[in-house]
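Just so it is clear, none of the values below were taken in a lab; they were calculated from the coordinates. On a predicted model such as this, the values are computed, not experimentally measured, just so you know. All Cβ positions, glycine included, derive from the backbone under ideal geometry; neighbour counts span all protein chains shown.
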Amino acid sequence: MAPSGKHERDKPWIMRTYAGHSTAAASNELYRTNLAQGQTGLSVAFDLPTQTGYDPDDPLARGEVGKVGVPISHLGDMRALFEGIPLDQMNTSMTINATAAWLLSLYIAVAEDQNADRAALRGTTQNDIIKEYLSRGTHIFPPAASMRLTTDLITYTVTEVPKWNPINICSYHLQEAGATPTQELAYALVTAIGVLDAVKATGRIPESEFGNVVGRMSFFVNAGIRFVEELCKMRAFVELWDRVARERYGVTDPKQRRFRYGVQVNSLGLTEQQPENNIIRIVLEMLAVTLSKDARARAVQLPAWNEALGLPRPWDQQWSLRAQQILALETDLLEYADLFKGSKVVHAQTQHLVESAWAEVQEVLGRGGAVEAVETGYIKQKLVESNAARLRAIESGEQVVVGVNAYTEGAPSPLIENLDEAILTVDPDIEKKEIEALEQWRADRDASAVANAIAELKRVARSDENIMPASIAAAHAGVTTGEWANTLRAVWGEYRAPTGVAGATVKASRSGAAAEVVDRLRKRLGELEVRMGRRPKLLVGKPGLDGHSNGAEQIAIKARDVGFDVVYEGIRVSPEQIVASALEEGVHLIGLSILSGSHLALVPEIVERLREAGLSDIPVVVGGIIPEADTERLRREGVAAVYTPKDFELDHIMSDLIDLVDRQHAAE
Amino acid sequence: MPPSDPANDADRVRRADKAAVSRALNLVEDKRADAQDRVAALLASLKSAPKAIGGHRVGLTGPPGVGKSTLTSAVARAVRARGRTMGVVAVDPSSIVSGGSLLGDRARMSFDPSDAGLFVRSLATAGEVGGLAYAANSAVRVLAAAYDVVLIETTGVGQSEIDIVHVADTVVLVIQPGSGDVLQFLKAGIMEIPDVLVVNKADQEELARRAVADLRGALHTAQAVGVSGREDGDWETPILATSATEGTGIEELIDAVDAHRKHLEPTLKARRHRGEVQWMLDLFMRKHGEHGVSTLHGLTEIKARAERELDDGETPLSLCERLSREYVAKLCQTS
């Protein structure tokens, strides 16, 4: 190092944009454009049916095809997705979990078709099922079967695709679900420990080679707006992971103990109000994961400024990519050694996080580890509680969010003058076209080869052999995503994870005014109960495949705390189920939460089914990322109210809900 | 849903028309004074339903977190697969502070929404400390008139299962490996011995084996100190291991529950009668307390009357109404 502290310029991190939508061909075009723009890796977003193992023609896929990512139903789709992109030269990150083994099988099959060497393939499968149970909600199978798939993928790639990152332990979604930095550190680490212990238990990896497995573990981390603490969190991660690798797994090679991580900065904190401010938040959050040379991200992807409004357009994503390029290439950041080595302040905060996170790691391990803490709902409940505390702090003004609870007045933003054009809309005909294409695919393939491949897959699922070879063979035979998942569902069953809401305790608000508001709401509800004879009962439903349950959970808890009887069904319920529940439970009100953009398909269907069941007198409200124009349409369909991320004051929403029940009762 | 005439609905309830069942359940939850007569009339007209007489009421209880909802879901699927219909009452606690509740059982259940032979209703305890929900007794009777099997799922150890004994023909206690409290309660005789004992989460094999062994020991101790409290004679409480997530042991559980129902056959009527008497006493005590009891010549006398009069086609609700009127009349005389 030169005396100035400067050194030879570091290589920039991998810059990606999380992308994919509509169809494989449209996404391929997008990828090629992004690569031409200077992006250095691909990050594939799959649609929810692909993530949860359904073909586009499955009833549960309705409204979701091509919405939050690209639909990949079979080898032909995967081939189209990477048309003209040589896989042996690409670094591809796939956000895929429950069906990770399948999507990687398709990827390997395409590479084999391209005559690429498996050993040359680079990239990442997210493959972290624990956080799906806790936050993201795209799990399919019970925990034991899921862990088996996870370890199958890991033990396969360690020998067959050695440059692949078989798993990306995600603390990202934990923060999105409300985790504090301490919780984010602790729960990511116990997840990694759970996975490594499970790999060890397979006995497939010789003791002497276990360091290779530890060395292939990578992480996917979040960075929030409190960027100094976040910077310390990354340093704490480096220290803690080194400790785990050394002490628990006896890894002697420091390279294999390195904390390798990618980042997507925080989406939870992006606001619908004054959305242009989000680009500033995004840049500041990026600093937390790039400033420390000793704890720098290997790959960064940034959200778009308008995520809270709807699906971002290519230009919005490009703007975020430019922010990365300016930091990495224009500034002098990469010319220096670690900026914080020796800083007492950074050291002290880092150590504080290391200690508190380590204590929580021990707590979870004492409860039997990550899988057990998922099944008992312990971690989920902790996250729900933290998120409730966060929302309360924003609602009370304790936590300032510019444009939301402070400095809310301002000149109108020219960026959102025409709101409907400020987001991407997906062609509603995509679903139909995808189904037609799928039918064609099924008709063209060799039916007996498919049947044989499925039979073999079933046999392997029942045995303790690795699922990967049979899956790759099934990919070549033309098996579809839904067929692969359904075969395994038939063997292993499905799982509904704890919601964490029933046991969550929320500390009463300290400030007098807020407590008074809640008291008033409780009093009104009590009076309403006396008049109606029954306590008002609210059904909180999450239709569709989208598993982001924060909103639904927080509404459910708040509603209980003002005195509603709340029926919460968890994620992924069909319109039929919601209507059946409304009927059997005798509810007075239905609240639906949808974040995947499928509201225009799902909500009218539910309203229509309620009418058919003779329940059209039950008011329906909807919450989610819902563009203005759609709000109007939903109201015309008979929805009583629509709430979007800008409606952060839960007390107001509760007051509305009580009004609705009251009005409906008066009308009867 | 607009309220409708219970007498008309009773017929539809017997035919398991979901809309009518739901309305009937709304009615039995209705706490307004003017609803009480209608509830009593509804229950009276459902009492003689063939399913109500020939069906099976099963209580499923155990400490929080043992996987009761998942188990209920697995049992419901298996019962349906055997061609029998099923109604479920899932009871969850209300918040003492707000009076509200989070009824989360449906979240752990997976079932076919188009299945006309399965009905699930969640109820909140509404401040009934340690007891069943206010409406649970009545709700079970509504569902019993409509479905072959009624399952009442409650949380708790040491209290609510005492209530559940009065409403269920068969009580299933679910624990998970390592539930020390349950063992202590059983040994100390604080808890009545359930009809079927289940160790759930048997996928934790070693722990589950130990738990089954511990339970055997606890049962033995309890019987040795004379806690039996059983009127069904020589029934030997089976101890089963299940894994609701993996679906193992479910068929065996249903077989055991069915075996108990069969064993009960000669005494079932008496058992249900005792349950009705107890429910009537609870209702009357809740309404009028010690003063009401002493005004009507004490608990023994009221109990004796309930035992006599409930036989005559009267429901606990209607008898309680009648006794209430007597009590009020006496109050007026003395004042």
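If you put +1 on each Lys and Arg Cβ and -1 on each Asp and Glu Cβ, how big is the dipole of the protein assembly as shown around its Cα centre, in Debye rounded to 20? Write out the running numbers ahead of the final one.
Details: 110 positive and 137 negative charges, 321 e Å.
Computed charge dipole of the protein assembly as shown: roughly 1540 debye.
Using per-residue counts of other Cβ atoms within 10 Å, averaged over each peptide, order A:104-113, A:642-651, A:277-286 from highest down.
Values: A:104-113: 22.7, A:642-651: 18.2, A:277-286: 20.1.
Listed from highest to lowest mean packing, they are A:104-113, A:277-286, A:642-651.
Given a Förster distance of 45 Å, report the FRET efficiency between A:Gln89 and B:Arg216 from their Cβ-Cβ distance, rounded to the nearest 0.05. Display every interim value, and only then the final one.
Details: r = 65 Å, r/R0 = 1.44.
For R0 = 45 Å, the calculated efficiency reads 0.10.
Compute, for chain B, the length of the dipole vector about the Cα centre, with Cβ point charges of +1 (Lys, Arg) and -1 (Asp, Glu) only. Units Debye, rounded to 20. Write down the numbers at each step before the final one.
Values: 40 positive and 46 negative charges, 102 e Å.
Charge dipole, chain B, about its Cα centre: 500 debye, nearest 20.
Set the bar at 30 Å for Cα to Cα. Now go through A:Lys523/B:Lys68; A:Lys382/A:Lys432; A:Lys6/A:Lys255 and name every pair that lies beyond it. Kindly include the intermediate steps, with their values, before the conclusion.
Numbers: A:Lys523/B:Lys68 33 Å; A:Lys382/A:Lys432 42 Å; A:Lys6/A:Lys255 24 Å.
Table pairs above 30 Å Cα-Cα are A:Lys523/B:Lys68; A:Lys382/A:Lys432.
Averaged over A:573-582, how many beta carbons belonging to a partner chain fall within 10 Å of each residue's beta carbon? Please report the intermediate quantities before stating the final value.
Numbers: counts 4, 1, 1, 3, 6, 1, 1, 10, 4, 2.
Mean partner shielding for this stretch: 3.
Pairs A:Lys67/A:Lys542; A:Lys131/A:Lys558; A:Lys233/A:Lys646: which exceed 27 Å Cα-Cα?
Values: A:Lys67/A:Lys542 16 Å; A:Lys131/A:Lys558 24 Å; A:Lys233/A:Lys646 29 Å.
Beyond 27 Å: A:Lys233/A:Lys646.
Per-residue ellipticity at 222 nm for the protein assembly as shown, helices alone: DSSP H runs ≥ 4 residues times -39500 (n - 2.57), over residue total, nearest 500 deg cm²/dmol? Write down the numbers at each step before the final one.
Numbers: 37 runs with 494 residues, N = 1003.
Dividing the helical sum by the residues of the protein assembly as shown leaves -15500 deg cm²/dmol.
Which GluC sites (Glu not before Pro) does segment A:371-456 hold that lie in a coil by DSSP with at most 10 other beta carbons within 10 Å? Could the numbers behind the result be given before it?
Numbers: sites: A:Glu372, A:Glu375, A:Glu385, A:Glu395, A:Glu398, A:Glu409, A:Glu417, A:Glu421, A:Glu431, A:Glu434, A:Glu436, A:Glu439, A:Glu456; in loops: A:Glu398, A:Glu409, A:Glu417.
Hits after loop and neighbour filter: A:Glu409, A:Glu417.
Please compute the length gained on full extension between A:Val530 and A:Lys11, using 0.36 nm multiplied by the number of residues separating them and subtracting their Cα-Cα distance. Don't skip to the answer; put the middle values down first.
Details: separation 519, 0.36 × 519 = 186.84 nm, distance 6.89 nm.
Stretched fully, the A:Val530-A:Lys11 segment lengthens by 179.9 nm.
Straight distance only, please: which lysines reach the Cα of B:Lys287 with their own Cα at less than 16 Å, same-chain residues fewer than 8 apart left out?
Result set, ordered by chain and number: B:Lys31, B:Lys303, B:Lys330.
Quick one: which of A:141-149, A:340-348 comes out on top by average Cβ neighbours within 10 Å, and what's the full order, highest first? Before the final figure, lay out the partial values.
Numbers: A:141-149: 21.4, A:340-348: 12.0.
Ranking the peptides A:141-149, A:340-348 by packing returns A:141-149, A:340-348.
If R₀ is 35 angstrom, what is the calculated FRET efficiency for the pair A:Glu209 and A:Glu608, using the beta carbon separation as r and rounding to 0.05?
Working from the Cβ atoms, E equals 0.05.
Among B:Ala24, B:Ala270, B:Ala256, which one moves the most in a GNM of chain B with springs linking Cα atoms closer than 10 Å?
Residue with maximal mean-square fluctuation among B:Ala24, B:Ala270, B:Ala256: B:Ala270.
Residues of segment A:248-284 with amide nitrogen under 17 Å from the 7 Å Cα-to-Cβ point of A:Ile326?
A:276-284
For peptide B:68-79, what's the mean number of Cβ atoms from other chains within 10 Å of each residue's Cβ?
On the way: counts 0, 3, 5, 0, 0, 1, 1, 0, 0, 0, 0, 0.
Per-residue shielding by partner chains comes out at 1.
Could you tell me the relative contact order of segment B:271-334? Use alpha-carbon pairs under 8 Å, at least six residues apart, and round to a whole percent.
Averaging sequence separation for qualifying contacts and normalising by length gives 43 percent for segment B:271-334.
Express in nm, to one decimal, how much length is gained between B:Lys262 and B:Arg15 on full extension, taking 0.36 nm for each residue of separation and deducting their alpha carbon distance. Walk me through the numbers on the way to the answer.
On the way: separation 247, 0.36 × 247 = 88.92 nm, distance 2.48 nm.
Going from the current span to full extension adds 86.4 nm.
Report the calculated FRET efficiency for A:Lys255 and A:His347 (r = Cβ-Cβ distance, R0 = 41 Å), to the nearest 0.05. Provide the component values of the computation, followed by the final result.
Numbers: r = 24 Å, r/R0 = 0.59.
Approximately 0.95, to the nearest 0.05.
Over chain A, what relative contact order in percent results from Cα pairs under 8 Å that are six or more residues apart?
Numbers: 1188 pairs, mean separation 108.1, N = 668.
Normalised by residue count, the contact order of chain A is 16 percent.
Just subtract the alpha-carbon distance of A:Ala389 and A:Glu335 from 0.36 nm times their residue separation and send over the number in nm, one decimal. Please report the intermediate quantities before stating the final value.
Working: separation 54, 0.36 × 54 = 19.44 nm, distance 4.06 nm.
The span from A:Ala389 to A:Glu335 would gain 15.4 nm if fully extended.
Treat every Asp and Glu Cβ in segment A:512-667 as -1 and every Lys and Arg Cβ as +1, leave all other atoms uncharged, and give the resulting dipole magnitude about the Cα centre to the nearest 20 debye. Show your work: numbers first, answer last.
Values: 19 positive and 26 negative charges, 52 e Å.
Here segment A:512-667 has a charge dipole of around 240 debye.
What is the mean number of Cβ atoms from other protein chains located within 10 Å of the Cβ atom of each residue in peptide A:583-592, rounded to a whole number?
The per-residue average across the peptide is 5.
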